[in-house]
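Engineer: I'd like to ask you about the structure that follows.
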């Protein structure tokens, strides 16, 4: 019971962390149909900027400054690069963001070096929040979960309740008409892209000190973020939320499952020889492949339900 | 009335010249560049051409953007390595020269299995599936050391069996000619494929799958067959890779390898058949050579890629063809002056920018040992503010010159294009 | 030494059209050493640190400072952490007439180099190349893959596990051990050797669980920490490195997991900065040296390096023995010819930081003492601040050479 409750708590908190990482990408995906490969790079940039601002001023100002700087860079990128590439199609937009991710990695390494930097959790947020079954639950992890939920609520409110959100939604399906009605659709696009990468940077501010802040962080996070967005359904915020929780819980629980195909064979009374016991595939435990389950989920969803769990469109 | 003057070479002769020239270059290249590094670089170009062409079968011909092509080249390489090891150990009569075909069959087999699920959709879902499959395969390789050799990979020896006509494939030059033969044959085969009905159907599926379905062909079947064929050629490339290095490691199926195929094929150009050939040659030049000259090669590559996606989505081959078209129409003389201005301004601007970049990298990496280094023959000192200012000024001035020259060139270019367009018989429209 | 980059760049352009060339140096002149490691890309951090270490040592040990009187010139080659790429740059190095190759970043690359160098030496007598390995610790490299032309200067995985086993044998606090490793060759070997060594040296200790996770894929280690906690383990043995190690520590600290960590790579460049204040008094690692080693020579090298490269530290001490072995070997052979030097290095004993070390002839594995160090706050006796964390490595215990020495199955083929 204790183990189950702890695993559930860990799984949900990890899922919320994943949502925090992918919220911005979902926003950009749903508004502009662009799969931003550099999303994880903005996450990295946000973490490094927060490290710098923390060193100069403090952590709490970094929460504000870092996303703002990222938003500015994102808006500039959208205006001068992405818009230019837009007429060549979605594939070109995707490719230019691939190029951007390489360039951002190099620039970050130039400025801050190639080693991990000592970006620390602020003292006031350290320590446990409560203790469950003898295991302390870190305060900072709860803080991250809080930021994640805040993001969810904020995006949902923005998109469905504000005027600008309605304009964005309309511009998604009828950009010319919205333009004709007098709204500045390109400026809206710029704002959306800037907002999306600002969310990525915010995730970096909050996540960079809990995990390590180093040049490889974009690479290690990038793939899982795409899995979340695609599995959830491209363009669906609710889908991304559900997908991240699903992935978080499944991955966490799978680590505790040490069963393998050998166990299955034994359960149906098939005799297991020594050669079979050492066979790599038969002896492979579920816990060993747990971190890879998201990719399996990605491929399965794309085969059986290409729209994703709650998606409304395919591309 | 002025007519469009075109240099008239009959199509068949043109083809013969091109293919003959290709064969000539393949045969003569190692006689010109003879060092060990050059030979291995040429060998790598040989099979990279096959791989990039196979990749473009999917991307350029079929509109399928794959992020996991390395799975097929890599698994083909593993198949070939294992086959070669068995040929050596158990005396299975498999000549070394046919080992790449084993790789090809392996690649095709894997493509047949994985392709069925991958090709149901095109565009972004396809890209995501290939990415997911690629990640899965790559992550699994360390877990099955029997198949993939663990961290050390599967090593093999291409000097096995009795020499045929004195050829053991031990010396690199012999291997090079084997690779060159496969390169020529595979290029020809893939070129012929584009002219077959299936190849044309593939183009149709790329452009308008719905219409193809209405015509009576199933787009998914077409994509699937193309996927398997691409997997076959990818596997051949992988097999040659295995012969060249006599070692295949997990990185052969990894995401970075897949990304490099995408990058260079795109830079070479996906619209024309020979675009990937340019991309393949570039991949070896940049990967093997550029990284030894500068630590900033990844930055340059990323920037160049972005610029090409933004300004030349047809790649370098499209730029080349556009210029050749202008030359064929006899209007090249109009572009000589603006072109020369552009060509003169570019090095100035590049020198300034690269100096700044190199100085930044050098300062970060090497400065404690030695703050000076040579850049295009000029000695630069990162601790000297004057050098920084000079480089910045050069970049600025060069940038201004470049921009002026570029605008002038674009203006003349557009005029020439308009004239060419006006003179053409009505049927020929945009390229 | 000052001509590092330009030499590489200029000769590369030249050798593309010319054939191989270049006479080799005689004793008293300059010996060029190729360094093949990742100098760009995600692993550049470590590759550049070792490059600077070698360049620094080359300057320090060169000329009249070594018994052979040779000068060393370091020529860097970037392999981007790839086996096939390493083979390319090896060709480039050979083309430039370089006869000594140094590498250590990755056993996969090491294996590739040994294979390629064996083939090259066999197919090109008179142009042999010798490979000096400062950090690739796969025991296979001196067993099934052993080669006359390869010399290993770091203690391999099995040797370090012997040391850990001896430590656990004597430590009454250790009763239940958990094995947490990456699921690839190195991690699989650590798991295997841990079981074997503990069974032999500390049979009273129970292995209560093991985990193999994919390399570099785990973001959240809390499920693994929960498993460790549930198993009741008091000690964790792990071969993890990089984020896989620092994230595990952070998760353990967050979950309040009070276990000792026996590691291989907690001292690697960049990891202490990521660990920060986690695991004080709990994290240990085994290595030929440690930061506060009580050796005047070591401290002199450490401080001089730190002054020259303020953002880095001298953490790859096998490089020091590498230069010593090379120069003593050249002095003994009275030549810089690689084959003669290799023969001279077999069985060679020389003075290192805290005593003599020996290059075992049977498998070319350096036999040396090992240290176990623990992560603790800086104090008067251990004043060196590691990576600006306020913490440092303090001595846990010393293992003499014979403790960590392991037998070998190497059937070395020597040239006539």
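The values are calculated or read from the model by the stated rules, or taken from the named source; none is laboratory data. From a predicted model like this one, the values you see are computed outputs, not experimental measurements. No Cβ is skipped: glycine too gets one built from the backbone with ideal geometry, and neighbour counts run over all protein chains shown.
Engineer: Could you look through segment A:140-185, keep only residues that are closer than 17 Å to residue A:29 by Cα and touching a residue at least 60 places away in the same chain (Cβ under 8 Å), and pick out the one that is surrounded by the fewest Cβ atoms within 10 Å (Cβ to Cβ)?
Structural biologist: The residue in question is A:156.
Engineer: May I pose another question? Filter segment A:123-141 for residues that are touching a helix residue (DSSP H, G or I) at 6+ places or on another chain (Cβ under 8 Å) and in a helix (DSSP H, G or I) and give the result. Steps first, please.
Structural biologist: Step one: list which residues in segment A:123-141 are touching a helix residue (DSSP H, G or I) at 6+ places or on another chain (Cβ under 8 Å), which gives A:125-129, A:132-141.
A:125, A:139, A:140, A:141 - these are the residues of segment A:123-141 that are touching a helix residue (DSSP H, G or I) at 6+ places or on another chain (Cβ under 8 Å) and in a helix (DSSP H, G or I).
Engineer: If you don't mind, there's one more thing I want to ask. Quick check on this structure: which one of A:230, A:153, A:192 is over 30 Å from residue A:59 (Cβ atoms) and part of a helix (DSSP H, G or I)?
Structural biologist: Of the residues listed, the single one that is over 30 Å from residue A:59 (Cβ atoms) and part of a helix (DSSP H, G or I) is A:230.
Engineer: Looking only at segment B:62-95, count every residue that is surrounded by fewer than 24 Cβ atoms within 10 Å (Cβ to Cβ) and under 19 Å from residue B:185 (Cβ atoms) and tell me the total.
Structural biologist: Selection size over segment B:62-95: 2.
Engineer: I've got another one for you. More than 9 Å from every other protein chain (Cβ to nearest Cβ) and either buried (at least 22 other Cβ atoms within 10 Å of the Cβ) or in a helix (DSSP H, G or I) (or both): is that true of residue C:89 in this structure?
Structural biologist: No: the conditions fail for residue C:89.
Engineer: Turning to a different aspect of this structure: Filter segment B:403-420 for residues that are closer than 26 Å to residue B:348 by Cβ and without any contact (Cβ under 8 Å) to a residue 12 or more places away in the chain; which is surrounded by the fewest Cβ atoms within 10 Å (Cβ to Cβ)?
Structural biologist: Ranking the candidates gives B:414 first.
For (1) away from chain B (no Cβ under 14 Å); (2) in a loop (DSSP other than H, G, I, E, B); (3) at pLDDT 95 or above; (4) surrounded by 23 or more Cβ atoms within 10 Å (Cβ to Cβ), each residue gets a yes or a no:
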| residue | (1), (2), (3), (4) |
| --- | --- |
| C:108 | no, no, no, yes |
| C:111 | no, no, no, yes |
| C:122 | no, no, no, no |
| C:125 | no, yes, no, no |
| C:132 | yes, no, yes, yes |
| C:136 | no, yes, no, yes |
| C:141 | no, no, no, yes |
| C:145 | no, yes, no, no |
| C:155 | yes, yes, no, yes |
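Engineer: Among the residues of segment A:4-29, which ones are within 15 Å of residue A:294 (Cβ to Cβ) and within 11 Å of chain C (Cβ to nearest Cβ)?
Structural biologist: A:11, A:14, A:15, A:17, A:18, A:21
Engineer: Tell me the residue from B:272, B:301 that is within 14 Å of chain A (Cβ to nearest Cβ) and surrounded by 19 or more Cβ atoms within 10 Å (Cβ to Cβ), please.
Structural biologist: From the options B:272, B:301, the qualifying one is B:301.
Engineer: Please go through segment B:337-368 and pick out each residue that is under 30 Å from residue C:310 (Cα atoms) and away from every other protein chain (no Cβ under 14 Å).
Structural biologist: B:352, B:355
Engineer: Residue under question is residue C:381, and the condition is that it be closer than 22 Å to residue C:267 by Cα and loosely packed, with under 14 Cβ neighbours inside 10 Å; does it hold? Give the derivation first.
Structural biologist: Working: closer than 22 Å to residue C:267 by Cα: yes; loosely packed, with under 14 Cβ neighbours inside 10 Å: yes.
Yes.
Engineer: What strands (runs of 3 or more DSSP E), lying completely within segment C:200-287, carry at least 1 residues that are surrounded by fewer than 20 Cβ atoms within 10 Å (Cβ to Cβ) and either within 12 Å of chain A (Cβ to nearest Cβ) or in contact with a strand residue (DSSP E or B) (Cβ under 7 Å, 6 or more places away or on another chain) (or both)?
Structural biologist: In segment C:200-287, C:206-213 are the strands (runs of 3 or more DSSP E) which contain 1 or more residues that are surrounded by fewer than 20 Cβ atoms within 10 Å (Cβ to Cβ) and either within 12 Å of chain A (Cβ to nearest Cβ) or in contact with a strand residue (DSSP E or B) (Cβ under 7 Å, 6 or more places away or on another chain) (or both).
Engineer: Additional query: With the condition kept exactly as written, say whether any residue in segment B:235-243 is surrounded by 21 or more Cβ atoms within 10 Å (Cβ to Cβ), modelled with pLDDT of 95 or more and within 8 Å of another protein chain (Cβ to nearest Cβ).
Structural biologist: Yes: one or more hits.
Engineer: So, in segment C:295-314, how many residues would count as being free of Cβ contacts under 8 Å to residues at least 60 places away in the same chain and either within 14 Å of another protein chain (Cβ to nearest Cβ) or more than 24 Å from residue A:116 (Cβ to Cβ) (or both)? Working first, answer last.
Structural biologist: Going residue by residue through segment C:295-314, those that are free of Cβ contacts under 8 Å to residues at least 60 places away in the same chain are C:295-300, C:303, C:306-307, C:310-311.
Adding the requirement that they be either within 14 Å of another protein chain (Cβ to nearest Cβ) or more than 24 Å from residue A:116 (Cβ to Cβ) (or both) leaves C:295-300, C:306-307, C:310-311.
The qualifying residues number 10.
Engineer: Separate question: Return the pairs, sorted by first residue and then second, in which the second residue is modelled with pLDDT under 85 and assigned to a helix (DSSP H, G or I), the first residue lies in segment A:295-313 and is more than 9 Å from chain B (Cβ to nearest Cβ) and farther than 17 Å from residue A:238 by Cβ, the beta carbons are less than 7 Å apart, and the residues are 6+ apart or on different chains.
Structural biologist: none
Engineer: Hey, among A:216, A:208, which residue is surrounded by fewer than 24 Cβ atoms within 10 Å (Cβ to Cβ), closer than 30 Å to residue C:46 by Cβ and within 14 Å of chain C (Cβ to nearest Cβ)?
Structural biologist: Exactly one of A:216, A:208 is surrounded by fewer than 24 Cβ atoms within 10 Å (Cβ to Cβ), closer than 30 Å to residue C:46 by Cβ and within 14 Å of chain C (Cβ to nearest Cβ), namely A:216.
Engineer: Still on this structure: If I go through segment A:233-245 residue by residue, how many of them are under 9 Å from residue A:310 (Cβ atoms) and not in a helix (DSSP H, G or I)?
Structural biologist: Residues that pass the stated criteria total 2.
Engineer: In segment B:304-336, which residues are within 14 Å of chain A (Cβ to nearest Cβ) and part of a helix (DSSP H, G or I)?
Structural biologist: Looking only at segment B:304-336, we keep the residues that are within 14 Å of chain A (Cβ to nearest Cβ), and these are B:304-315, B:318.
Result: B:304, B:305, B:306, B:307, B:308, B:309, B:310, B:311, B:315, B:318.
Engineer: Right, another one. Considering only segment C:21-42, I want to know if a residue exists there that is modelled with pLDDT under 80, part of a loop (DSSP other than H, G, I, E, B), within 14 Å of chain A (Cβ to nearest Cβ) and over 19 Å from the mean Cα position of the chain (by Cα).
Structural biologist: Looking through segment C:21-42, at least one residue is modelled with pLDDT under 80, part of a loop (DSSP other than H, G, I, E, B), within 14 Å of chain A (Cβ to nearest Cβ) and over 19 Å from the mean Cα position of the chain (by Cα).
Engineer: With a cut-off of at least 1 residues that are touching a residue at least 12 places away in the same chain (Cβ under 8 Å) and in contact with a strand residue (DSSP E or B) (Cβ under 9 Å, 6 or more places away or on another chain), name the helices (runs of 4 or more DSSP H) lying wholly within segment A:23-109. Steps first, answer last, please.
Structural biologist: Numbers: elements: A:39-56, A:59-77, A:83-86.
Those helices (runs of 4 or more DSSP H) span A:39-56.
Here is a yes/no grid of residues against (1) touching a helix residue (DSSP H, G or I) at 6+ places or on another chain (Cβ under 7 Å); (2) over 20 Å from residue B:153 (Cα atoms); (3) assigned by TED's automatic domain parsing to the domain that holds residue C:281; (4) modelled with pLDDT under 90:
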site	(1), (2), (3), (4)
C:187	no, no, yes, no
C:194	yes, yes, yes, no
C:201	yes, yes, yes, no
C:212	yes, no, yes, no
C:216	yes, no, yes, yes
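Engineer: What residue, of B:228, B:248, B:253, B:222, is closer than 22 Å to residue B:131 by Cα and in contact with a strand residue (DSSP E or B) (Cβ under 6 Å, 6 or more places away or on another chain)? Walk me through how you get there before you give the answer.
Structural biologist: Details: B:228 fails: in contact with a strand residue (DSSP E or B) (Cβ under 6 Å, 6 or more places away or on another chain); B:253 fails: in contact with a strand residue (DSSP E or B) (Cβ under 6 Å, 6 or more places away or on another chain); B:222 fails: in contact with a strand residue (DSSP E or B) (Cβ under 6 Å, 6 or more places away or on another chain).
Exactly one of B:228, B:248, B:253, B:222 is closer than 22 Å to residue B:131 by Cα and in contact with a strand residue (DSSP E or B) (Cβ under 6 Å, 6 or more places away or on another chain), namely B:248.
Engineer: Looking only at segment C:304-339, how many residues end up being assigned to a helix (DSSP H, G or I), over 20 Å from the mean Cα position of the chain (by Cα) and surrounded by 21 or more Cβ atoms within 10 Å (Cβ to Cβ)?
Structural biologist: 4
Engineer: Examine segment B:217-225 for a residue that is surrounded by fewer than 20 Cβ atoms within 10 Å (Cβ to Cβ), assigned to a helix (DSSP H, G or I) and either under 17 Å from the mean Cα position of the chain (by Cα) or more than 14 Å from chain A (Cβ to nearest Cβ) (or both), and state whether such a residue exists.
Structural biologist: The answer is yes; a qualifying residue exists.
Engineer: Here is a further query. In segment A:270-282, what count of residues is obtained for those that are surrounded by 14 or more Cβ atoms within 10 Å (Cβ to Cβ) and more than 10 Å from chain B (Cβ to nearest Cβ)?
Structural biologist: Here the count works out to 3.
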